[in-house]
Amino acid sequence: MVKRTGARSLSVKIASLKLKNPVMTASGTFGYGEEYAEFIDLNRLGAIVVKGLSITPRLGNPTPRVVETPAGMLNAIGLQNIGVKAFVKDKLPFLRQFKVPVVANFFGDTVHEYVSAARELSKAEGVNALEMNISCPNKQEGWIVFGTDPKSMDGVITEVRKATDLPLIVKLSPNVTDIGRMARVAENAGADALSVMNTIRGMVVDIRRRKPVLANNTGGLSGPAIRPVAVQMVWDTCRAVSIPVIGMGGIMTAGDALEFLIAGAVAIAVGTANFVNPVATLEIIEGIEKFLAEEGVSDINDIIGSLRVNE
Amino acid sequence: MVKRTGARSLSVKIASLKLKNPVMTASGTFGYGEEYAEFIDLNRLGAIVVKGLSITPRLGNPTPRVVETPAGMLNAIGLQNIGVKAFVKDKLPFLRQFKVPVVANFFGDTVHEYVSAARELSKAEGVNALEMNISCPNKQEGWIVFGTDPKSMDGVITEVRKATDLPLIVKLSPNVTDIGRMARVAENAGADALSVMNTIRGMVVDIRRRKPVLANNTGGLSGPAIRPVAVQMVWDTCRAVSIPVIGMGGIMTAGDALEFLIAGAVAIAVGTANFVNPVATLEIIEGIEKFLAEEGVSDINDIIGSLRVNE
Amino acid sequence: MSKFFTCEIVGNSGQNANFKLLTLQPASQIIAPKPGQFYMIQTGTACDPLLKRPFSIYNFEQNHLSFLYRIRGKGTLSLSQLREGDVLQVIGPLGNSYPEPDGDFIAVAGGIGIASLLPLIRKYRQRAYLFYGAMNTGDLVMLEETRELAKEIFITTDDGSDGQKGWITHAVKDFLGELKIANQPSPRRKGALSIYACGPVPMLKALSEITRAAGLPCYASMEEHMACGIGACLGCVVKIADKRASLQRGAEAAGQFIYKRVCKEGPIFNIEDIVW
Amino acid sequence: MSKFFTCEIVGNSGQNANFKLLTLQPASQIIAPKPGQFYMIQTGTACDPLLKRPFSIYNFEQNHLSFLYRIRGKGTLSLSQLREGDVLQVIGPLGNSYPEPDGDFIAVAGGIGIASLLPLIRKYRQRAYLFYGAMNTGDLVMLEETRELAKEIFITTDDGSDGQKGWITHAVKDFLGELKIANQPSPRRKGALSIYACGPVPMLKALSEITRAAGLPCYASMEEHMACGIGACLGCVVKIADKRASLQRGAEAAGQFIYKRVCKEGPIFNIEDIVW
Ligand SMILES: Cc1cc2nc3c(=O)[nH]c(=O)nc-3n(C[C@H](O)[C@H](O)[C@H](O)COP(=O)(O)OP(=O)(O)OC[C@H]3O[C@@H](n4cnc5c(N)ncnc54)[C@H](O)[C@@H]3O)c2cc1C
Ligand SMILES: Cc1cc2nc3c(=O)[nH]c(=O)nc-3n(C[C@H](O)[C@H](O)[C@H](O)COP(=O)(O)OP(=O)(O)OC[C@H]3O[C@@H](n4cnc5c(N)ncnc54)[C@H](O)[C@@H]3O)c2cc1C
Ligand SMILES: Cc1cc2nc3c(=O)[nH]c(=O)nc-3n(C[C@H](O)[C@H](O)[C@H](O)COP(=O)(O)O)c2cc1C
Ligand SMILES: Cc1cc2nc3c(=O)[nH]c(=O)nc-3n(C[C@H](O)[C@H](O)[C@H](O)COP(=O)(O)O)c2cc1C
Ligand code: FES
Ligand code: FES
């Protein structure tokens, strides 16, 4: 590798979206940005991905909603959110103050709800891209999770694609046999980019009470525990499609982020780490810069996808 | 719950196999039993499941074969083993000294290899049950993993079923969209019991060398990190089939084991924990006994499947 | 002054078999906490335990933070094994605080709930009637300190090993009853005697009935599993009566609730608003 | 006497910026280790770090075990943060040991490899020619102790900050060359001068060529990622020439290998047998 000095470029592109660095926040772990503004300068982030939105507000699940597991946590928030309208009215003005792309994560129970949310969000000033969470059950098709059934997935993405001109990121579920196949379905249905990955289904049992700890019984596993699985899924996805991939799952440090970038992710998102360390995103940005300097690489894009496999 | 005193029964049945307690060893983590004999009295175990065997010996993968991850580890041993013949000749005599059921874990690259291994093992004196590892790629069908494709899975189990009269345990892969469906395929193809679960695919990247740490690039994730996923999969499986399920994945303590039993597993297997603590199995047996005493339960079977879900 | 900082442990010693007092020296100047606020504290050194754990501020003196905690599970066990000189990340002060009492007040502590109430009792010296309930005598801590600070202390234990045998809420009820007979307090005097409570949900629930019947204001510090402590994860919500809904939509909307975050809108709520 | 036991840390202090010496007091009577054997040592308190880490016995005196270690990653970092009084689980002694030298011997240490060789040098006092290579002067440890024990010490550093600049294997080669000229040793005398080595793979590989050329027996302690340390996981294998295959099937089978476990058949192998 040629050692280069001078300014280092961290900027990356996700479809038409330009980020000053590849470090995003993972949906549901960063609220609507407000809570973190007292810990970090939001302007330094690559992008802010907000908590999942639905066309109508959701109450979410009863508690306990979270429980810690070894090197991870399960959550079953139940997609509590204020709804698209309140988001646009009450939260977007705050986010517009910053020079950071805002990615609106959204979901629905039906294709129609997905489409409505996408349409409303696309009209709003200050939403720069959409991230579609397809790890939700389809109310109209026996509650099959959209993201685990190629047909449902194709259907809902195709419809949403028609409803928006914004860059459309589809967030894949890891709870599938072949993520590469699902990635191709999303690509063909019109996704501009993919987020890999959402949480893995899991359960913790309270042995004294003989009950699941979470009120919702099951939850989604996140945090460092799942990182090796996420790196694998990102690598599998990158080999399956030609659209950009955003990697996430257990990223705590710059070193972790670099694993995903080297495996092919164009950007990464920090989730559970924000809970543990509210300045994690900034430490990761700084750590990536330091790594580039140490390695004598001037452009992060020379790192992205640089994985050489062992024969 | 009625509090009972007096002797507690830990014995359980897996098909026709009677175990004095529900604590087994997980294949590949206990060798052929020899290494642990200097740490524990093997006679106290519920059953010994030996390292995966193939009809011909296997060299396995180059190193590194293992790497630690947060609260877990990846392994890519590559199924190194001495082959069925050498096992029967050199290892079984040692195991026959003990009054513990021996479960022979086996695998193949083709249906024929599976059948041959099953047939040879069934003839051997001292093999009490077979555990079929179907998380192996099928050489004859484009290296599709048997255990992730319902058709291949049905085919190989059906053939193996014809080749043995021993209790046939099929060990499911977690790398599937719907483990309940795979479980039903196995049940219908003739499995007497199911082991849930094998390792989850994962990867760790060496960021300096831009290479996967494992020589094999990918490996299987085990250890406490995966426990919530395994509990979930066991619960899903138990609701899908009526044959007994053996639970495993990240069990370190009696409390962990009880999570699986309460979720419906008739027995459990201890894997990675053996590496961390060579007497883990015995501590788990003792811990389960203590739990029964504290809860005033006299028969472990009253605990098995006692999970009450939150509405 | 950032709410995220590192601290060196300067003390982490047992008060008795069940409780430890953790004293932290922040590396920098920090914001002074108010009674009832809490901190998220790192409890391990690697990724297990992963999340920080919430602890109420127990004391803040000479830029040192101290916390009284009970060893319950993995996180508190791990914390209990750390030593002087170890360095921890801390976030805080977080959440709201107990509203200022208007005269004398009643503090109702169930078990470790004492930790949250002591700063209030300490701040308003000799103004608190402390009702302190515990499982047994071993679960009572900090009694010497408390005796000086409180106006009067009433103790109950489940097993009668200290104080009166029984529930602390019964003691509160009896006290309020006697007070009524003795003083015939006017609604204003009553209003002055506000109640502050921290303890297990069954205690708070029982208390809510007593205080409602007595017409006294009561503020309860709530506990929920927390992941972030700063309002981002929505893990720690409690059900709060949706007054707007009841007002707007009338009776059929009564019993409707919204979720509020214990870490942000709480941990202290008006006990009347809580939907149990 | 079980090979699985708990120990209390009685010392865990830095030797210099890079190395620490861990001293453990076993809770029970333990088996005495032989030079070259190792122990699997717990490095954390919860599930991260998860696996024990292998460390060569550095000294065993008065039922105390000591280990010299270098902070490399998560496990050794976590270990370095533990304190006197902390309790750890330990498995050992594990693996085979250096075969007894027959007269004087050469010990070749690369970096932390010194830890494995010192018990041998200590046991056979004033019989070792120690060749000790490191990156720089900061990577050299335990020199005072070693000077007393060894017959002669040769040092090289990669950057010349101590001893000769260059590779330790060159120093060994030069030494063997001079020895040959000076003494014209008979094959028997040569045989007596066996070589023991522990260090990075490139060093061992270079050494294997030198010792083969010199016709001297050489025993190398190998390192591999380990999960169990007791032979169960098959994680730690090295390629060993399959002599049976070569003998049985002739030339075309030469170069064939079998895997042996570093933790069980090793860590010490005849350097001739290793397939690099
Ligand atoms: C605002 C607030 C202030 C608190 N102040 C104190 C205090 O001053 N002193 C003190 O000893 N304890 C306090 N607690 C409780 C303390 O946070 C828990 O005991 C601790 O988090 C348990 O962690 P663990 O890992 O040891 O237990 P776990 O093994 O995680 O669980 C043990 C028990 O604690 C409960 N629990 C687990 N995590 C939490 C959590 N994050 N919040 C609440 N309950 C939980 C579980 O349901 C379980 O019953 C407070 C809690 C809150 C929400
Ligand atoms: C038989 C044997 C004896 C050893 N004796 C000593 C000793 O006396 N003193 C000493 O300082 N070190 C010794 N080591 C090396 C020591 O085990 C590793 O440095 C340690 O395991 C690294 O753990 P870590 O978590 O700090 O590093 P990691 O973060 O796990 O990795 C850091 C580096 O260490 C390597 N590594 C990781 N795990 C292992 C492992 N289990 N075995 C070998 N390499 C590994 C990785 O490839 C990486 O390059 C010995 C190793 C073996 C196999
Ligand atoms: C508390 C919590 C809430 C989450 N909410 C959402 C959500 O609303 N929409 C979504 O697409 N993903 C959601 N996620 C998933 C994360 O965005 C992310 O994909 C996952 O947590 C893995 O990353 P991590 O391990 O870094 O947390 C949530 C995760 C957590 C922990
Ligand atoms: C080093 C190692 C080797 C393994 N080898 C096998 C094997 O040969 N056959 C098999 O079916 N499972 C094998 N497994 C999977 C385990 O039996 C078990 O299903 C898995 O590790 C999950 O349990 P654990 O988390 O308790 O380890 C292996 C696991 C490990 C860690
Ligand atoms: S703990 Fe995360 S919102 Fe309260
Ligand atoms: S470390 Fe497990 S076999 Fe050697």
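Table for the structure above
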{"item": "DSSP-loop trypsin sites (Lys or Arg not before Pro) across the stretch D:119-151, with at most 13 other Cβ within 10 angstrom", "result": "D:Arg125"}
{"item": "Distance histogram for the stretch B:1-104 (every C-alpha pair counted, 10 angstrom bins, percent rounded to whole numbers)", "result": "13, 35, 32, 14, 5, 1"}
{"item": "Residue and distance (whole Å) for the chain C Cβ nearest the axis that superposes C on D", "result": "C:Asp48, 2"}
{"item": "For the stretch C:46-121, fraction of C-alpha pairs farther apart than 16 Å, in %", "result": "60 percent"}
{"item": "For the protein assembly as shown, with +1 on Lys and Arg beta carbons and -1 on Asp and Glu, the positive-most of B:Thr69, D:Ile112, A:Ile157 along the dipole", "result": "A:Ile157"}
{"item": "Number of partner chain Cβ atoms within 10 Å, mean per residue of A:214-226", "result": "6"}
{"item": "Total charge dipole magnitude, chain B, about the Cα centre, Cβ charges on Lys, Arg, Asp, Glu only, Debye to nearest 20", "result": "480 debye"}
{"item": "Estimated translational D of the protein assembly as shown in µm²/s (Stokes, Kirkwood radius over Cα pairs; 25 °C; 0.890 mPa s)", "result": "76 µm²/s"}
{"item": "Summed side-chain charge close to B:Met153 - residues other than B:Met153 whose Cβ falls under 14 Å, Lys, Arg +1, Asp, Glu -1", "result": "-1"}
{"item": "Degrees, to the nearest 10: B:150-163 long Cα axis against longest axis of chain B", "result": "80 degrees"}
{"item": "Using a 7 Å Cα-to-Cβ projection, C:Glu178 label spacings across copies, nm, ascending", "result": "9.5"}
{"item": "Fraction of antiparallel bridges per DSSP, the stretch C:28-178 only, in percent to nearest 5", "result": "40 percent"}
{"item": "Rounded to 5, the percent of DSSP beta bridges in the protein assembly as shown classed as antiparallel", "result": "55 percent"}
{"item": "Teacher prompt: A:Glu159 distances to equivalent labels in other copies, 7 Å Cα→Cβ, nm", "result": "4.4"}
{"item": "Label zone at A:Arg181, where the point sits 7 Å out along the Cα-to-Cβ direction: the stretch B:161-205 residues whose backbone N lies under 18 Å", "result": "B:173-186, B:201"}
{"item": "Residue list for the stretch D:199-215, given a label point 7 angstrom along the Cα-to-Cβ vector of D:Trp276 and an amide N cut-off under 11 Å", "result": "D:201-212"}
{"item": "DSSP beta bridges in chain B [antiparallel fraction, %, rounded to 5]", "result": "40 percent"}
{"item": "Residue order, fewest to most surrounding Cβ atoms within 10 angstrom, among B:Ser54, C:Ser116, A:Ser242", "result": "A:Ser242, B:Ser54, C:Ser116"}
{"item": "The stretch C:4-94: C-alpha gyration tensor shape, a/c 1.5 cut-off, then a/b vs b/c", "result": "rounded"}
{"item": "Exam field: C:Asn63 pseudo-label spacings to other copies (7 Å along Cα-Cβ), nanometres", "result": "4.8"}
{"item": "Size of charge dipole - the protein assembly as shown - debye, nearest 20, with Cβ of Lys, Arg +1 and Asp, Glu -1, no other charges", "result": "820 debye"}
{"item": "Three-way shape call for chain A based on the alpha-carbon gyration tensor, with the a/c threshold at 1.5", "result": "rounded"}
{"item": "In the stretch C:1-105, the GluC sites (Glu not before Pro) that fall in loop regions by DSSP, at most 16 other Cβ within 10 Å", "result": "C:Glu84"}
{"item": "On Cα atoms only, tilt of A:179-189 relative to the major axis of chain A in degrees", "result": "80 degrees"}
{"item": "Relative counts (whole %) of C-alpha pair distances in the stretch A:138-217, using bins that are 10 Å wide", "result": "17, 40, 25, 13, 5, 0"}
{"item": "Crossing angle, helix B:111-123 versus chain B [Cα axis fit, 0-90 degrees, rounded to tens]", "result": "50 degrees"}
{"item": "Shape call, chain D: gyration tensor on alpha carbons, a/c limit 1.5", "result": "oblate"}
{"item": "Normalised contact order of chain B, rounded percent, pairs of Cα under 8 Å and 6 or more residues apart", "result": "21 percent"}
{"item": "The stretch C:4-94: relative contact order in percent, alpha carbon pairs under 8 Å with at least 6 residues between", "result": "41 percent"}
{"item": "Set of lysines with alpha-carbon distance to A:Lys13 below 30 Å, sequence-local pairs under 8 removed", "result": "A:Lys3, A:Lys51, A:Lys85, A:Lys89, A:Lys91, A:Lys99, A:Lys123, A:Lys151, A:Lys162, A:Lys171, A:Lys290, B:Lys211"}
{"item": "The stretch B:202-230 and the stretch B:274-311: distance between their alpha carbon centers, rounded to Å", "result": "30 Å"}
{"item": "Peptide-level mean, for D:257-263, of C-beta atoms on other protein chains within 10 Å", "result": "2"}
{"item": "Separation of the D:Asn136 and C:Gln15 label points, Cα + 7 Å toward Cβ, nm", "result": "5.0 nm"}
{"item": "Using a Förster distance of 30 Å, the FRET efficiency for C:Arg127-C:Lys165 (Cβ separation, nearest 0.05)", "result": "0.60"}
{"item": "B:Arg239-B:Thr56 FRET efficiency (beta carbon distance; Förster radius 45 Å; 0.05 resolution)", "result": "0.70"}
{"item": "The stretch C:105-221 - Rg and Dmax from Cα coordinates, angstrom", "result": "13.2, 39"}
{"item": "Low-density loop cleavage sites - chymotrypsin sites (Phe, Trp or Tyr not before Pro) in the stretch D:1-110, where at most 11 other Cβ are within 10 Å (DSSP)", "result": "none"}
{"item": "Local net charge near C:Ile9, Cβ-Cβ under 9 Å (Lys/Arg +1, Asp/Glu -1)", "result": "-2"}
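Where a number appears in this text, it was derived from the coordinates with a stated rule and is not lab data. It should be emphasised that the depicted structure is a prediction, and the values quoted were computed from it without experimental measurement. In this analysis, Cβ positions are derived from the backbone assuming ideal geometry, glycine residues included, and neighbour counts consider all displayed protein chains.
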